[in-house]
Amino acid sequence: MNSLLTLGWLASAVYSTIPSFWLLIHPWADYWRGQKRSPYRVLVPVWVAMWVAAALVTSPWRRVVLYQNRAAWLPAVVLFGVGIWIYIRGGRGFSLRQLGGLPELQPTDRGQRLVTSGIRARVRHPLYLAHLLEMLAWSVGTGLAVCYALTLFAIVTGAVMVRSEDAELEARFGDEYREYRRRVPAVWPRL
């Protein structure tokens, strides 16, 4: 059971940095587009450093358990399953280049299009919703205070990141994106 708690803490440390990684991209998209070499040679090592920093900062609290209940893994498994389902749905209609953020970083990418069908007809940022569900699953399953704290950190930084990404997408797609944003919620879908 200890190894599962450690895995939950480490997974949450990595997942919690996803919004911070994208905050390195969206507000600075023009800067990254102006670089001669791939921005990922800088961005990926910085992101890995974020993982290490998140783990080091939270390490003292990695064993603080709010509750221990094997039954808590039942809703956690449901959250994992829904998160995976959303990841799969969110990948439809998107190329690996789009999922990797290349259109944001390469000004000559001519294949840019706004995807508003499928799951994106209900939620603009389904992959962020999937990330959140995965973090909640680890939090609920492990009962670790640190997982809940990292999830809260991801929610706060994610809210800033979504605003930043929305601004960048509006700059790229204009009125089409403004209309889409008006109709479709950012992360929490309308049912």
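List of remarks:
- A single entry from Glu134, Glu165 fulfils the requirement of being under 25 Å from Leu74 (Cα atoms), touching a residue at least 24 places away in the same chain (Cβ under 8 Å) and charged (D, E, K, R): Glu134.
- Meets criteria (farther than 14 Å from Trp22 by Cβ and hydroxyl-bearing (Ser, Thr, Tyr)) for Ser139: yes
Every residue, every condition in (1) among the small types (Gly, Ala, Ser); (2) surrounded by fewer than 18 Cβ atoms within 10 Å (Cβ to Cβ); (3) on the phi < 0 side of the Ramachandran plot, yes or no:
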| site | (1), (2), (3) |
| --- | --- |
| Ile119 | no, no, yes |
| Val123 | no, no, yes |
| Ala130 | yes, no, yes |
| Thr151 | no, no, yes |
| Met161 | no, no, yes |
| Glu165 | no, no, yes |
| Gly174 | yes, yes, no |
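- Number of residues in segment 1-37 that are without any contact (Cβ under 8 Å) to a residue 12 or more places away in the chain and either in contact with a strand residue (DSSP E or B) (Cβ under 9 Å, 6 or more places away or on another chain) or farther than 28 Å from Ala171 by Cβ (or both) equals 4.
- Any hit, segment 153-161, residues being in a helix (DSSP H, G or I), more than 21 Å from Leu4 (Cβ to Cβ) and more than 13 Å from the chain's Cα centre (by Cα): no
- Looking at segment 1-101, the helices (runs of 4 or more DSSP H) lying wholly inside it that each contain 1 or more residues that are modelled with pLDDT under 95 and of a type in the set (S, T, N, Q) sit at 2-15, 18-23, 96-99.
- Subset of segment 36-63 that is loosely packed, with under 12 Cβ neighbours inside 10 Å and over 18 Å from the mean Cα position of the chain (by Cα) - its residue that is nearest to His125 (Cα to Cα): Arg41
The values are calculated or read from the model by the stated rules, or taken from the named source; none is laboratory data. Predicted model, so just to flag it, every value in this text is computed and none were measured. When we count neighbours, we look across all protein chains shown, and the Cβ atoms used for this are built from the backbone with ideal geometry, even at glycine.
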